[in-house]
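Peer 1: Once you've had a glance at the structure underneath, I'll fire off some questions.
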Amino acid sequence: MTTSTEPVIIVGGGQSGLAAAHAALSANLRPVILEAGAEPVGSWPGYYDSLTLFSPARYSALPGLAFDDADPDRHPTRDEVTGYLRRYAGSIDADIRTNVLVTAVHPRPGGGHLVHTSAGEEIAAAGIVAASGTFGNPHLPALPGQDGYAGEVRHVAHYRRPEPYAGKRVVVVGAGNSAVQVAHELASRARVTLATRSPIKFVPQRIGGRDLHHWLHVTGADRLPRAVLLRVIRHAAVLDTGAYRDALTCGLLTRRDMFTAFTQEGIVWPDGTSERVDAVIFATGYRPNLDYLAPLGALAPGGMPHHAHGISTIHPALVYLGLEFQRSFASNTLRGVGRDAAHVITALAATVSRGRPRFTRRASAAR
């Protein structure tokens, strides 16, 4: 038998939400995942077609389920990750509700929360896990003249494949992994320049015959505290087998300092020269997709959450997962979110248990 009590609502059914549900079940909470999409696979189906993980399969699993039995040293594709998340969702004994968009979370007098959905539902919750990720909130800078530019401007979140850009002049903005990967892919069909604010920093994908993630794992660098990381890491670094650096060296790709403005037909480089450009793709990152928490007063101006290592400093029964550098270098990755989930759910379970009884699973349902 189970003890009936209010659930912990997990907003988002991607890797962070699924890891949260696994940890919540281990803590004898009753998790309910509300996922806006049609499947509990998060944003993975929306990424560009050629995307591969930057970490090998052996380091890319969530708690409780290995990635698969294939080559553990390969870098899984976007579709392989999507398939893995489907399997993971089916392996946990959680209430997963898809096509449910959370529009607002309100505090409830006496404790707990009320979760409102686009379907008009109002769900009482003992606690909230904000695991809605960032893909729904891409950051697109605004530059002078941008509104009058006649070419294509898009964020990499809306890029899929290189064929539509064949024969065109394209500028990709950004110095991170996604920017370089997309620019390199486009360079086989288009004339491509990377526009960055500083030179691109490369990190070898393999060191001493082993993937970099082997060394991150054995040295514990993946688990370094956030404060240490922010002192050490100053710029984005691109994992490279040598192909990207070679492309820049041989001129297949070029890099220039970030342009200063748009014109009607192109852009203006820092030296004042104008160039006709057909398309600009911004790989300029994402921001937390947390607007539904505004009624709680949980967000700072600009939409960033008030938190300490994923635990809200405003509401004790509110925690976060999947924030960049939330606790470590790997916080918003498949390989790292499980550790963060265990941390924040332990805190949430303690808060919930002080207010009301926790959920006890049937022994046969544990996985």
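The values are calculated or read from the model by the stated rules, or taken from the named source; none is laboratory data. It should be emphasised that the depicted structure is a prediction, and the values quoted were computed from it without experimental measurement. Please note: Cβ atoms are built from the backbone with ideal geometry, for glycine as well, and neighbour counts cover all protein chains shown. All accessible areas refer to the heavy atoms of the entire protein, side chains included, with ligands and DNA or RNA removed. Shrake-Rupley method; radii C 1.70, N 1.55, O 1.52, S 1.80 Å.
Peer 1: I'm told LEU62 meets every condition in (1) part of a loop (DSSP other than H, G, I, E, B); (2) over 14 Å from LEU334 (Cα atoms) except one. Can you identify the failing condition by its number?
Peer 2: Unmet for LEU62, out of (1) part of a loop (DSSP other than H, G, I, E, B); (2) over 14 Å from LEU334 (Cα atoms): (2).
Peer 1: Something else now. Please work out if ALA341 is out of contact with any strand residue (DSSP E or B) (no Cβ under 8 Å at 6 or more places or on another chain), in a helix (DSSP H, G or I) and buried (at least 24 other Cβ atoms within 10 Å of the Cβ).
Peer 2: Answer is yes for this residue.
Peer 1: Follow-up question, since we're still on this one. For a quick check of your reading: which strands (runs of 3 or more DSSP E) sit entirely within segment 96-171 and have at least 1 residues that are out of contact with any helix residue (DSSP H, G or I) (no Cβ under 9 Å at 6 or more places or on another chain)?
Peer 2: 113-117, 122-125, 152-155
Peer 1: Within segment 261-298, take every residue that is closer than 17 Å to VAL156 by Cα and among the polar types (S, T, N, Q) and give me the one that is surrounded by the most Cβ atoms within 10 Å (Cβ to Cβ).
Peer 2: By that ranking, first place goes to ASN289.
Peer 1: For segment 299-314: of the residues being on the phi > 0 side of the Ramachandran plot and open to solvent by 40 Å² or more (accessible area, probe 1.4 Å), which is farthest from the chain's Cα centre (by Cα)?
Peer 2: In this case the residue turns out to be GLY302.
Peer 1: Okay, moving on. May I ask you to list the residues in segment 242-298 that are under 23 Å from the mean Cα position of the chain (by Cα) and charged (D, E, K, R)?
Peer 2: ARG287, ASP291
Peer 1: Ok, one more. Could you tell me whether segment 68-76 includes any residue that is outside any loop (DSSP other than H, G, I, E, B) and either touching a strand residue (DSSP E or B) at 6+ places or on another chain (Cβ under 9 Å) or open to solvent by less than 30 Å² (accessible area, probe 1.4 Å) (or both)?
Peer 2: For segment 68-76, residues outside any loop (DSSP other than H, G, I, E, B) and either touching a strand residue (DSSP E or B) at 6+ places or on another chain (Cβ under 9 Å) or open to solvent by less than 30 Å² (accessible area, probe 1.4 Å) (or both): absent.
Peer 1: Being out of contact with any Asp or Glu (no Cβ under 9 Å at 6 or more places or on another chain) and open to solvent by less than 20 Å² (accessible area, probe 1.4 Å) is true for just one of VAL156, VAL170. Which residue is that?
Peer 2: None of the others qualify; the one that does is VAL156.
Peer 1: Sticking with this one: Among (1) buried (at least 19 other Cβ atoms within 10 Å of the Cβ); (2) more than 21 Å from the chain's Cα centre (by Cα), which single condition is LEU85 missing?
Peer 2: It is condition (2) that LEU85 fails.
Peer 1: Report every pair of residues separated by at least 6 positions or lying on different chains whose Cβ atoms are under 7 Å apart, first residue within segment 101-113 and over 11 Å from ILE123 (Cα atoms) and aliphatic (A, V, I, L, M), second modelled with pLDDT under 95 and open to solvent by 70 Å² or more (accessible area, probe 1.4 Å).
Peer 2: Between residues of segment 101-113 that are over 11 Å from ILE123 (Cα atoms) and aliphatic (A, V, I, L, M) and residues that are modelled with pLDDT under 95 and open to solvent by 70 Å² or more (accessible area, probe 1.4 Å), the close pairs are LEU101/SER118.
This table checks each residue for (1) small (Gly, Ala, Ser); (2) in contact with a His (Cβ under 8 Å, 6 or more places away or on another chain); (3) farther than 19 Å from VAL81 by Cα.
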{"site": "PRO295", "(1), (2), (3)": "no, yes, yes"}
{"site": "ALA300", "(1), (2), (3)": "yes, yes, yes"}
{"site": "SER312", "(1), (2), (3)": "yes, yes, yes"}
{"site": "SER328", "(1), (2), (3)": "yes, no, yes"}
{"site": "ASN332", "(1), (2), (3)": "no, no, no"}
{"site": "GLY338", "(1), (2), (3)": "yes, yes, no"}
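Peer 1: Sticking with this structure for a sec: Find the residue count for segment 211-244, including only residues that are surrounded by 14 or more Cβ atoms within 10 Å (Cβ to Cβ), at pLDDT 70 or above and not in a helix (DSSP H, G or I).
Peer 2: So the count comes out to 5.
Peer 1: Starting from residues that are among the aromatic types (Phe, Trp, Tyr) and over 22 Å from ALA23 (Cβ atoms), keep the ones in segment 42-64 and report whichever is most open to solvent (accessible area, probe 1.4 Å).
Peer 2: Looking at residues that are among the aromatic types (Phe, Trp, Tyr) and over 22 Å from ALA23 (Cβ atoms), I get PHE54.
Residue-wise test of (1) in contact with a helix residue (DSSP H, G or I) (Cβ under 9 Å, 6 or more places away or on another chain); (2) free of Cβ contacts under 8 Å to residues at least 40 places away in the same chain; (3) of a type in the set (Ser, Thr, Tyr).
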| position | (1), (2), (3) |
| --- | --- |
| THR263 | yes, no, yes |
| GLY272 | no, yes, no |
| ALA294 | no, no, no |
| ALA300 | no, yes, no |
